[in-house]
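The next block holds one structure in the form of structure tokens; read it before the comments.
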Amino acid sequence: PDVPPMMQALIRSAGALPVMLLVGWLRGVKFFERDGSFGPGMVAGVLFGVEFVLIFTGLVFTSASRAAVFLYTAPFFVALGSYVFLGERLRALQWAGLGLSFAGVALAIGVPQANVDAKVLLGDLLVVGGGGLWGATTLIAKGTNLRKAAPEKALGYQAAVSIPILGAASWLSGESITHIPGALSISLLAYQAIW
């Protein structure tokens, strides 16, 4: 509670980027080598940043438990996108597993609950959008030259491009830190960014 959500994501990306650069440098990653990953990396970065904006905005309206269910629609988007865009085929057992998972999501949507109103459904939809962008990011990573880039470079695009997106979203939503965060909050942010 000491640090607003989009600001947390901003701090995480801004803190993680130098760590990834350092680890990559120590492992000999050539971050600025032309390998065809720049365009896909930038797209993945935009998707990554907007994904978190949708998730955190959605959490204003829906519960964390509902959001967890809806965020994990990402595998549906990956499976369908892989089928449509990458020509991958799933076996019958994989389709059955996706169908069972989808039934669980449909059940979560369809079970009448006293506290579910239009705002909650809007939050759910925003989180599903975040799951869709998570899936799209995975498809970009699988189907472009980004798959050949070192992990530090591929994730570096996402962290670097998400910083201005999350900063703008935090500013536009009026987030601010009103007091010095406690030791627990600082340690949790450090854990997310560094570890």
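Listed values, structure above:
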quantity	calculated
Complete set of residues in the range 132-151 that are part of a helix (DSSP H, G or I), in contact with an Asp or Glu (Cβ under 8 Å, 6 or more places away or on another chain) and either closer than 15 Å to V69 by Cα or among the aliphatic types (A, V, I, L, M) (or both)	L133, W134
Residue among F56, F31 that is part of a helix (DSSP H, G or I) and not small (G, A, S)	F56
Cβ-Cβ under 6 Å pairs, at least 6 apart or on other chains, the range 62-76 side farther than 12 Å from V120 by Cα and of a type in the set (S, T, N, Q), far side modelled with pLDDT of 85 or more and open to solvent by less than 50 Å² (accessible area, probe 1.4 Å)	T73/V128; T73/G131
Members of the range 152-177 that are farther than 21 Å from G39 by Cβ and either in contact (Cβ under 8 Å) with a residue 40 or more places away in the chain or not in a helix (DSSP H, G or I) (or both)	L166, G167, A169, S170, S173, G174, E175, S176, I177
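The values are calculated or read from the model by the stated rules, or taken from the named source; none is laboratory data. Worth saying up front: this structure is predicted, and the values here are computed from it rather than measured. Every residue, glycine as well, gets a Cβ built from its backbone with ideal geometry; the counts of neighbours run over all protein chains shown. For accessibility, only protein heavy atoms count, side chains too; no ligands or nucleic acids. Shrake-Rupley method; radii C 1.70, N 1.55, O 1.52, S 1.80 Å.
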